[in-house]
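Only one structure is covered here, and it is reproduced in the block below.
The values are calculated or read from the model by the stated rules, or taken from the named source; none is laboratory data. Just so it is clear, the model here is predicted, and its values are computed rather than measured. Cβ: placed from backbone, ideal geometry, glycine included. Neighbour counts: every protein chain shown. We work out accessible area using only protein heavy atoms, side chains counted, and drop any ligands, DNA or RNA first. Shrake-Rupley method; radii C 1.70, N 1.55, O 1.52, S 1.80 Å.
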Amino acid sequence: MVSEANDVQVFLVQHPPFNQLSASQLEYASSNIFVAFSKSGSELVLNSTVDNPSADNNYKIGMLIIRSGSIEIRTQQGELVDRLSSGDYLLADTINNKGGESLSVFVLEDCLYYELTDYALQSLSATCIEISTLLESNKTQSPELLNNHISGSTELHVDHLVNDSYLSQPVKNAMSSSVISASPDDSIRSAAELMKQHRISSLLIQHNDQLVGILTDRDLRSRVLAKGIADSEAIKSVMTKSPRCIDVNSRLYDAHLKMMSEGVHHLPVVNNVIPVGILTLSDILRANNAEPLSLIRAINRADTVNELSLAAENLPGLVVKLIERDARAVEIGKIITSFSDGITKRLIKLATRKLGVAPCDYAWLAFGSQARQEQVLGSDQDNGLLLPDDVDIDDSYFSKLAEFVNDGLDRCGMPYCPGNVMAKNDKWRQPLKVWKQYFVNWIEEPSPRAVMHSSIFFDMRHIAGNIEFTKTLRHYVLEKAKNNTIFLAMMCDNALSHSPPLGFFKTFVLESDGDHNHTLDLKKRGTIPIVDLARIYALSASLHPLNTIERLELMEQEGVMSKEMSYSLIDAHEFIAGIRLDAQGRQYRGNVTVDNYLDPKELSPLVRHQLKDAFKVVRDAQLAMRIRFGGGVI
């Protein structure tokens, strides 16, 4: 195949969607197109991103554009889907359809056609709304059902996500801030060793603190290896002199356009001509992958656990961006959980492909924060399998299914449960009658361990499988717990052990743990007390919502809790959870371990005062709960 950029541009500009491209975009597209020819009667095979996700992006076909001749598309059964002729185009992912049946492409008349690389297609979609819309509308919606009783789509859809364009963010958010540089008089070998040591694809060349050039891995290939230049030569003989730069406060949109128009993949980032970082095309693509729709698409299209884990790596960056955009804590919790649900469903689908169809119906359950849709960065997994009664169950199948999914979740950033509350634990992979007996024991013979389990298992939500199993168990549990005053009193007593960190004179009571000395535990003594409150009141009235805010709202509507207390607890939860998320966002940006601890000295006097007021609301609500249900001393 040979490139014919000028002739290609003349043709493309006459046909949509390419007639909407700017001159620089059109030039970029034509330089990433190859011309091919196939004779009548032959079959075209498009090696797309779906077909070969591990191949070099530069050579994957993203789109085929017909220059002359015609082709037809048929199903595997030979049914005609479409016929295309001059000016028509075909997306490779449409043919290599992962979610359903692959299609075949046959040449009707001798056909001359253009192949646009997937890498270029994705890059153009970032700056051309017509191509972006085209790719979005092309997404297939044909999820495979695991069996005839699976409830809902196995794909992930999150309609309420914040979706600001990633290209509108400043360059400094996406760039690498490590400035690795060398002198123009250093040897090529030393430069290559420095790039290998720091695992980077480009090196800034500075002289007297001034940027004079850049050396990239492409320069090493084309200007050194290809021309037989000795590695003892000075960098200045092969570097790109006076490289194009981008200001640190510019937008990614400007950087991406500059890369396309200049034909470069690296831009030094400067602040008043002083280099402060480097931005690569990969950085821009990663910024795109951190956007919700791209992440959803990557999860839904993942064909291996490795692909899924690579997609999940973008979730923390997305969450931090949502935090910085001042998204509400309750929405962020639902967003994180939506991705966790989607990853779980995708893992179940991959497991089913590997193991075959399940021998009987089942329900995959989520417990704890995932069930409440209140996950944060680093939340671990709590789950189980609900199996049918009176069926000869092949547990070897479900044991392998559970292990596959639990191990996959761990690889995707949801660590194993420290208490081993996971489906691969035989205890939490049981028939309905066994699960019912578990809850009867916890409710009717409450012990400290049973009450501890209640904080996990009584928040239970259906994820995949036969939803009727989950409905049956939930209804049974709510009815059993509603009128058991002894159980509710013990739950109350357990909840009161998580008291807000306030002293007698409204001073903070800080942790004395060696690793977290003089800090506040915003989970154990902040949000968890409100979660416990909402759960106890909800169980006492047999209310169905699981999310803490939704429970509090319904309690007020049903007269279970006063309007004043309900609204105050909602505000307190949002405020404390917001501070917790802000702290975690700063920890992530600072490359330190993300946890739930905060030194109150990091807060302003006003915020510290407001936090104390929020803790007082929780303490007053705990007092009211103790009076209503009984329990220990606050």
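Of the residues in segment 348-355, at least one is of a type in the set (D, E, K, R), part of a helix (DSSP H, G or I), farther than 21 Å from Leu522 by Cβ and without any contact (Cβ under 8 Å) to a residue 60 or more places away in the chain.
When the criteria are applied in full, Val50 meets the requirement of being at pLDDT below 85 and in contact with a Lys or Arg (Cβ under 7 Å, 6 or more places away or on another chain).
For segment 541-549, indicate whether the set of residues that are assigned to a helix (DSSP H, G or I) and not hydroxyl-bearing (Ser, Thr, Tyr) is non-empty. Yes: one or more hits. Condition check for Val405 on (1) open to solvent by 50 Å² or more (accessible area, probe 1.4 Å); (2) in contact with a strand residue (DSSP E or B) (Cβ under 9 Å, 6 or more places away or on another chain); (3) of a type in the set (A, V, I, L, M, F, W, C): one failure, at (1).
Against the test of being under 23 Å from the mean Cα position of the chain (by Cα), of a type outside the set (Phe, Trp, Tyr) and open to solvent by less than 50 Å² (accessible area, probe 1.4 Å), the options Ala572, Ala538, Ala577 yield a single qualifying residue, Ala577.
Here Gln206 passes the criteria (1) out of contact with any strand residue (DSSP E or B) (no Cβ under 7 Å at 6 or more places or on another chain); (2) at pLDDT 80 or above except the one numbered (1).
Selection of segment 503-527 for residues being surrounded by 18 or more Cβ atoms within 10 Å (Cβ to Cβ) and among the aliphatic types (A, V, I, L, M) yields Leu520, Leu522.
Yes/no matrix, rows are residues, columns are (1) open to solvent by less than 70 Å² (accessible area, probe 1.4 Å); (2) modelled with pLDDT of 80 or more; (3) under 30 Å from Ala302 (Cα atoms):
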{"position": "Ala5", "(1), (2), (3)": "yes, no, no"}
{"position": "Val8", "(1), (2), (3)": "yes, yes, no"}
{"position": "Ala29", "(1), (2), (3)": "yes, yes, yes"}
{"position": "Phe34", "(1), (2), (3)": "yes, yes, yes"}
{"position": "Ser38", "(1), (2), (3)": "yes, yes, no"}
{"position": "Ser42", "(1), (2), (3)": "yes, yes, no"}
{"position": "Asp56", "(1), (2), (3)": "no, no, yes"}
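Under the condition of being at pLDDT 90 or above, among the basic types (Lys, Arg) and within 21 Å of the chain's Cα centre (by Cα), the residues counted in segment 329-372 number 4.
The residues listed here are Pro529, Pro500; of these, the one that is farther than 27 Å from His475 by Cβ and in a helix (DSSP H, G or I) is Pro529.
Would you confirm whether any residue within segment 270-291 is open to solvent by 70 Å² or more (accessible area, probe 1.4 Å) and in a loop (DSSP other than H, G, I, E, B)? There is at least one residue in segment 270-291 that is open to solvent by 70 Å² or more (accessible area, probe 1.4 Å) and in a loop (DSSP other than H, G, I, E, B). Of all residues in segment 337-380, those satisfying the criterion of being open to solvent by 10 Å² or more (accessible area, probe 1.4 Å) and under 20 Å from Arg589 (Cβ atoms) are Val376, Leu377, Gly378, Ser379. Out of Asp326, Asp341, one residue alone is part of a helix (DSSP H, G or I) and closer than 22 Å to Ile549 by Cβ. It is Asp341.
Of the residues making up segment 454-464, not a single one is open to solvent by 60 Å² or more (accessible area, probe 1.4 Å) and in contact with an Asp or Glu (Cβ under 9 Å, 6 or more places away or on another chain). The set of residues in segment 193-210 that are more than 37 Å from the chain's Cα centre (by Cα) and either outside the structural domain of Val238 (by TED's automatic domain parsing) or not charged (D, E, K, R) (or both) comprises Gln206, His207, Asn208, Gln210. For segment 440-451, check the following and say yes or no: at least one residue is part of a helix (DSSP H, G or I), under 16 Å from Ala366 (Cβ atoms) and modelled with pLDDT of 90 or more. No, segment 440-451 contains no residue that is part of a helix (DSSP H, G or I), under 16 Å from Ala366 (Cβ atoms) and modelled with pLDDT of 90 or more.
Quick grid of which residues meet (1) part of a helix (DSSP H, G or I); (2) open to solvent by 40 Å² or more (accessible area, probe 1.4 Å); (3) β-branched (Val, Ile, Thr):
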residue: Leu167; (1), (2), (3): yes, no, no
residue: Ser178; (1), (2), (3): no, yes, no
residue: Arg189; (1), (2), (3): yes, yes, no
residue: Glu193; (1), (2), (3): yes, yes, no
residue: Ile200; (1), (2), (3): no, yes, yes
residue: Leu204; (1), (2), (3): no, no, no
residue: Gly213; (1), (2), (3): no, no, no
residue: Leu220; (1), (2), (3): yes, no, no
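Taking residues in segment 58-84 that are of a type in the set (Phe, Trp, Tyr), and partners anywhere that are open to solvent by 20 Å² or more (accessible area, probe 1.4 Å) and outside any strand (DSSP E or B), the pairs with Cβ atoms closer than 9 Å and at least 6 places apart or on different chains are Tyr59/Asn47; Tyr59/Tyr119. In the condition set (1) farther than 28 Å from Phe629 by Cα; (2) not assigned by TED's automatic domain parsing to the domain that holds Pro600, Tyr476 is compliant with all but (1). Scan segment 621-634 for residues that are open to solvent by 70 Å² or more (accessible area, probe 1.4 Å) and within 14 Å of Pro500 (Cα to Cα) and the total you get is 3. Restricting Asp303, Asp326, Asp283 to residues that are under 23 Å from the mean Cα position of the chain (by Cα) and on the phi > 0 side of the Ramachandran plot narrows the list to Asp326. Any residue in segment 271-285 that is within 30 Å of Ile348 (Cα to Cα) and in contact (Cβ under 8 Å) with a residue 24 or more places away in the chain? Yes, the conditions are met somewhere in segment 271-285.
Residues in segment 238-258 that are surrounded by 17 or more Cβ atoms within 10 Å (Cβ to Cβ), more than 27 Å from the chain's Cα centre (by Cα) and closer than 26 Å to Leu26 by Cα: 6 in all. Within segment 58-83, can you find the residues that are at pLDDT 80 or above and of a type in the set (Ser, Thr, Tyr)? Matches in segment 58-83: Ser68, Ser70, Thr75.
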